[in-house]
Amino acid sequence: MAMFRTSALRTGFVATAVLVVSVGCTVQPGGSGPLTDARPGGTPAGARVTPGNGTAEPSRTESGEPSARPAADRTTPPPPPSESAPETAPDPAPEPEPEPLMASGDESEQVRELQARLRQIGHCDRAPTGYYGSVTAAAVSSFQTKRGLDPTGETDAVTWERLLAMTDRPTRDELRPPTTKPVAKPDPRCLKGRVMCISKNSRTLSWMVDGTVKSSMDVRFGSQYTPTREGTFAVGWKSRHHVSTLYDTPMPYAMFFSGGQAVHYSADFAARGYEGASHGCVNVRDETKIAALFDEVRTGDKVVIYW
């Protein structure tokens, strides 16, 4: 009986010890119950559960910095941006060539001045017209060549400045001369009286009174087969609306000086210039001038034709 009690006491002591060990090793102060090393659901101690996904975040240290994450929870940093070769700036577009001040096809008072200045220094033998044609382009090219410039035939700023420095401002007569070519020096026979002084060399007619030129105009002469006679003559008769009986062609403002030869207006001369020729008469190109001359000239006035 004594042995049974001893065995029972031992068994109870052991059971009590086993029960204490299975409950825990410490007791929460205040008797609120035992503390454990795990949270409900098996979350490791020291970890905080993020609401919504149940993922544990690492606890923070006393300094406030997060402790190291497990290797499996770390995010791989993105690779650094690749260093591409710097872009090469495109070559700048070439600057456009400056527009010329004057060129073929232009028509203006500046073109007339250009022609007058070129004529002053012998690069143009035509009277200014104000139109920039092939004759003017050739004259500009000649000037450029002689001055060491690019002979484009177009008047750029450099060409114009060089020409201005070498010439004088054209006078009114230089800008609008009475004839295409310079008027010839009068023959001595033209210096007295009332004379139509006609030069074959300059192809001009000057109406002179006592040595003074009153008006001048362009004229053309007969061909080699029908030449205009040279010498001193007198106006025999006049016919304002004359028509040739030999050639059946109009001869307005005709002033006859030698047989059938006369000074008169020619529409063909006005249209074709010096490409044509007369049948021996002295053709006048400007109708307005010959009309005024017709009113001035009297029968008996002198006509001098010379080379």
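Tabulated data for the structure shown
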{"item": "Every pair of residues 6+ apart whose Cβ atoms lie under 8 Å, when the first sits in region 178-200 and is on the phi > 0 side of the Ramachandran plot while the second is of a type outside the set (S, T, N, Q) and surrounded by 17 or more Cβ atoms within 10 Å (Cβ to Cβ)", "result": "Gly193/Asp301; Gly193/Lys302"}
{"item": "Filter pass, Val183 being assigned to a loop (DSSP other than H, G, I, E, B), under 30 Å from Ser108 (Cα atoms) and β-branched (Val, Ile, Thr)", "result": "yes"}
{"item": "Tally of residues being more than 17 Å from Arg285 (Cα to Cα) and either crowded, with 20+ Cβ neighbours inside 10 Å or outside the structural domain of Val297 (by TED's automatic domain parsing) (or both) across region 203-219", "result": "1"}
{"item": "Single condition Gly105 does not satisfy, out of (1) surrounded by 14 or more Cβ atoms within 10 Å (Cβ to Cβ); (2) in contact (Cβ under 8 Å) with a residue 24 or more places away in the chain; (3) out of contact with any Lys or Arg (no Cβ under 8 Å at 6 or more places or on another chain); (4) not aromatic (Phe, Trp, Tyr)", "result": "(1)"}
{"item": "Entirely in region 241-285, the strands (runs of 3 or more DSSP E) that have 1 or more residues that are more than 52 Å from the chain's Cα centre (by Cα)", "result": "250-258, 261-265"}
{"item": "2 or more residues surrounded by fewer than 16 Cβ atoms within 10 Å (Cβ to Cβ), touching a strand residue (DSSP E or B) at 6+ places or on another chain (Cβ under 6 Å) and at pLDDT 95 or above: qualifying helices (runs of 4 or more DSSP H) within region 110-176", "result": "none"}
{"item": "Residues within region 177-192 that are surrounded by 13 or more Cβ atoms within 10 Å (Cβ to Cβ) and either more than 24 Å from Ser141 (Cα to Cα) or in contact with a Pro (Cβ under 6 Å, 6 or more places away or on another chain) (or both), tallied", "result": "9"}
{"item": "Residue check for Thr228: modelled with pLDDT of 95 or more, assigned to a loop (DSSP other than H, G, I, E, B) and within 55 Å of the chain's Cα centre (by Cα)", "result": "yes"}
{"item": "Hits in region 286-300 (condition: over 50 Å from the mean Cα position of the chain (by Cα) and either buried (at least 19 other Cβ atoms within 10 Å of the Cβ) or β-branched (Val, Ile, Thr) (or both))", "result": "Phe294, Val297, Thr299"}
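The values are calculated or read from the model by the stated rules, or taken from the named source; none is laboratory data. None of the values given here were measured: they were computed from a predicted structure. Note that we place each Cβ from the backbone using ideal geometry, even for glycine, and neighbour counts take in every protein chain shown.
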